[in-house]
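The values are calculated or read from the model by the stated rules, or taken from the named source; none is laboratory data. Since the structure is predicted, the reported quantities are computational estimates derived from the model, not experimental observations. Cβ atoms come from the backbone with ideal geometry, glycine included; neighbour counts cover every protein chain shown.
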Amino acid sequence: MKIIIDAGHGPATPGKRSPDGSLREFQFNAEVAVQVKRQLAAAGHVVLFTHQPERDVPLAERVQLANRLKGEVLVSIHANAFGSGFNPVAGIETYTYTKPLAASARLASGIHTRLIAAVKRRDRGVKRANFMLLRETVMPAVLVECGFMTNLEELALLKSSKYRTSCATAVSAALIAYAAGEEPPHCC
């Protein structure tokens, strides 16, 4: 299967960092994306990126690239934030477009369920949103938020190699199962 992975934002995107500046969101997103690519390639899948490590790729360019590459699915990897300072908001959320393809909903459910089981964080649910990357791409598309940079406990996790590997492994397992036509497991 040809899979498009998008590490959300870029190395210099303004405001996409923890309140104390110790983590830029792209650091987390890009490392998880590389691990997902490695795991999926080992399972025989073709994985292509919409992001670049040295520059911020605009959303419209990411959408055009994903569509031009003709991937069978797209997954965008993110770390979340709420407000501008540290607060107790925490957990995992996964998004599909407001009018998702059935395949997007199935993929989102599989990723979300496996991620919650792997990292044991609060389940904030599979949600629908009018995000450009979900709306404008022509393949099933999912955006996953792997924890909050504005929550001190989750910030520590987002900075840890073990947590990043757990997130990547869960996303990869869900994509491998999706490619095999498996139904998503029931959550937790």
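Of note, residue 156 does not satisfy the criterion of being surrounded by fewer than 17 Cβ atoms within 10 Å (Cβ to Cβ), farther than 23 Å from residue 39 by Cα and at pLDDT below 95. Being more than 16 Å from residue 147 (Cα to Cα), outside any helix (DSSP H, G or I), among the β-branched types (Val, Ile, Thr) and touching a residue at least 40 places away in the same chain (Cβ under 8 Å) is the requirement here; does residue 57 meet it? Criteria met by residue 57.
Within the range 104-115, the set of residues being closer than 14 Å to residue 172 by Cα and not polar (S, T, N, Q) comprises 107, 108, 110, 111, 112, 114, 115. Total residues in the range 42-66 satisfying the condition of being small (Gly, Ala, Ser), surrounded by fewer than 18 Cβ atoms within 10 Å (Cβ to Cβ) and over 19 Å from residue 166 (Cβ atoms): the figure is 2. Looking at the structure I just gave you, is residue 129 within 16 Å of the chain's Cα centre (by Cα), surrounded by fewer than 20 Cβ atoms within 10 Å (Cβ to Cβ), at pLDDT 95 or above and within 25 Å of residue 69 (Cα to Cα)? In short, yes.
Among the residues of the range 35-54, is any out of contact with any helix residue (DSSP H, G or I) (no Cβ under 6 Å at 6 or more places or on another chain), modelled with pLDDT under 95 and among the basic types (Lys, Arg)? No. Restricted to the range 82-184, the set of strands (runs of 3 or more DSSP E) holding at least 3 residues that are charged (D, E, K, R), in contact with a strand residue (DSSP E or B) (Cβ under 7 Å, 6 or more places away or on another chain) and in contact (Cβ under 8 Å) with a residue 12 or more places away in the chain comprises 123-129.
Is it the case, given these coordinates, that residue 114 is at pLDDT 95 or above, farther than 24 Å from residue 155 by Cα, buried (at least 17 other Cβ atoms within 10 Å of the Cβ) and not polar (S, T, N, Q)? No; evaluated as a whole, the condition is false for this residue. Taking the range 67-81 as the range and being surrounded by fewer than 18 Cβ atoms within 10 Å (Cβ to Cβ) and either in contact with a helix residue (DSSP H, G or I) (Cβ under 9 Å, 6 or more places away or on another chain) or in contact (Cβ under 8 Å) with a residue 12 or more places away in the chain (or both) as the test, the residues that pass are 67, 69, 70, 72.
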